[in-house]
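The values are calculated or read from the model by the stated rules, or taken from the named source; none is laboratory data. On a predicted model such as this, the values are computed, not experimentally measured, just so you know. All Cβ positions, even for glycine, are placed from backbone atoms using ideal geometry, and neighbour counts span all protein chains on display. Remember, those area values only see protein heavy atoms, side chains included, never the ligands or the DNA or RNA. Shrake-Rupley method; radii C 1.70, N 1.55, O 1.52, S 1.80 Å.
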Amino acid sequence: MSLIKKGTVMVLAALLLILSACSGGERELGGEATVDSRVFNTNESLINATGDTVYFVPKVGGYYILSYMDSASGYAGALCGKPECTHDDTDCNAWADGTLAMTIWEDRIYWMAVDRGCLTVLSAAPDGTDRRTEWHAPEDDIINAMSSRWLKVDKDHIYIAYVGSEAVDGEYTHPTRILVIPRDGGEVYDEMLPEDEFSAYSFLIFPAGEGLFYCGCENAGTREFIQHIRLYDPEAGETQSLYDGIIPDFLFVNSIWPTQDGLLLGGNTATVYKLRYDTGEVEPFLEIDGIENPDVFLGEDFAVAVGVNGKVNENMEFRVVSFDGEELSSAKYPAIETYVEFEGYDSEYFYLSGGYSGSFYIVPRDGGDVITVWDGVKEAYRKGE
């Protein structure tokens, strides 16, 4: 792959506090967030949705198959369209074996996969046709993407992030990598500050109007973690260090959302924090009560508190709260299975995957019946309403 470490510029905290004469004392950083609301703000997502279609990538007969569910009819199946296709070889339009993550951008489906040990990014039209290989690593660059795998597409770039596993001097290390793939065919490069050595436990990338935000953490040697928050500008080739420090009771950053005056941080605590652009300080922004030890995910003007990783027979709980503190919806469900992952949400539904079974679920925000889009135990698609 011959990845080039593009020259990045560490902007010192003192420089970030330079006042702008036209900004009333605030940093120039900020403005309206230009975030595609369809992009699920979660990790390793294998399910996503548009207004009328849900796209997901289940393991069918031992192979990953690009699949869909029509929201109107409730019918789900392989995104293939070939009559009599058995969906078990590369001739299938829905073939997506080796998939690690998927996303949607400008009416195309993108997915990251491993092909003969090398990373590759592919895309297709919403009906599964017009398949393209957007990028493929050279055959001599074998990558073991161990965990925290991300794929995001934004404007002129495709971003891949992952925690790898490689042997150095006889010992395994787990480096965090962010690959920036220009969509115009330019050279791929690795974007990480040399001094950043993030933990393999959790990582996040999120493209927005300001650039690519990314967050990692470092074990402080105690029960607390040091949070590292960066902003990369692909046009200028510069990286700003926005925050390096401990946030009380905040182990991992689950999601972020940029606002005009700061970056909102959702984690595994009931408190949503704001990283202020003008001071560089982190302060409480919103408290979400009612769910013990929640994971919090952020949207355009609301937060979703989730309690789904409980034991058998414990309820799954969801609360949606506006940034003004108003409860927008609340739902509680019996446990679907032993362990499920929260994948994302839209205006009507929460989306989950079965951590052990490989199933995919849609949970109505108003408390309606759970929809099993793909049953990983029976290996069966939903047949419709």
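Just one of the numbered conditions (1) farther than 22 Å from Y333 by Cβ; (2) without any contact (Cβ under 8 Å) to a residue 60 or more places away in the chain is not true of Y232; which one?
Against the list (1) farther than 22 Å from Y333 by Cβ; (2) without any contact (Cβ under 8 Å) to a residue 60 or more places away in the chain, Y232 comes up short only on (2).
Given the options A113, A76, A96, A72, name the one that is touching a Lys or Arg at 6+ places or on another chain (Cβ under 7 Å), touching a residue at least 12 places away in the same chain (Cβ under 8 Å) and of a type in the set (G, A, S).
Every option except A76 fails the conditions.
Restricting to the range 251-278, count the residues that are touching a Leu at 6+ places or on another chain (Cβ under 8 Å) and not in a loop (DSSP other than H, G, I, E, B).
Here the count works out to 17.
So in the range 173-193, with the set limited to residues that are assigned to a loop (DSSP other than H, G, I, E, B) and either of a type in the set (A, V, I, L, M) or without any contact (Cβ under 8 Å) to a residue 40 or more places away in the chain (or both), which one is most open to solvent (accessible area, probe 1.4 Å)?
For the range 173-193, the residue satisfying everything is D184.
Only residues that are within 18 Å of A125 (Cα to Cα) and open to solvent by less than 50 Å² (accessible area, probe 1.4 Å): list them for the range 45-55, please.
L46, I47, N48, A49, T50, T53, V54, Y55, listed by residue number.
Among the residues that make up the range 288-311, is at least one of them part of a strand (DSSP E or B), modelled with pLDDT under 95 and more than 21 Å from the chain's Cα centre (by Cα)?
Checking the range 288-311: not a single residue is part of a strand (DSSP E or B), modelled with pLDDT under 95 and more than 21 Å from the chain's Cα centre (by Cα).
Would you point out which residue out of E317, E343 is open to solvent by 20 Å² or more (accessible area, probe 1.4 Å) and among the acidic types (D, E)?
Answer to the selection: E317.
Specify the residue that is modelled with the highest pLDDT; the eligible residues are those in the range 39-55 that are within 25 Å of V114 (Cβ to Cβ) and in a loop (DSSP other than H, G, I, E, B).
Top of the filtered list is L46.
Among the residues in the range 287-304, are any crowded, with 23+ Cβ neighbours inside 10 Å and more than 20 Å from E348 (Cα to Cα)?
Yes: the range 287-304 contains one or more residues that are crowded, with 23+ Cβ neighbours inside 10 Å and more than 20 Å from E348 (Cα to Cα).
With G216, G170, G221 as the choices, which residue is small (G, A, S), open to solvent by 40 Å² or more (accessible area, probe 1.4 Å) and closer than 26 Å to V114 by Cα?
Result of the check over G216, G170, G221: G170.
In the set Q240, Q227, which member is open to solvent by 10 Å² or more (accessible area, probe 1.4 Å) and within 17 Å of E281 (Cα to Cα)?
Q240
I need a count of the residues in the range 346-381 that are aromatic (F, W, Y), open to solvent by 30 Å² or more (accessible area, probe 1.4 Å) and part of a strand (DSSP E or B).
Qualifying residue count, the range 346-381: 2.
Provide a single number: the residues in the range 265-275 that are crowded, with 20+ Cβ neighbours inside 10 Å and closer than 22 Å to G209 by Cβ.
Number satisfying all stated conditions: 5.
Testing E235 on (1) touching a Cys at 6+ places or on another chain (Cβ under 9 Å); (2) surrounded by fewer than 15 Cβ atoms within 10 Å (Cβ to Cβ); (3) of a type outside the set (A, V, I, L, M, F, W, C), one condition comes back false. Which one is that?
Tallying (1) touching a Cys at 6+ places or on another chain (Cβ under 9 Å); (2) surrounded by fewer than 15 Cβ atoms within 10 Å (Cβ to Cβ); (3) of a type outside the set (A, V, I, L, M, F, W, C), E235 fails exactly one: (1).
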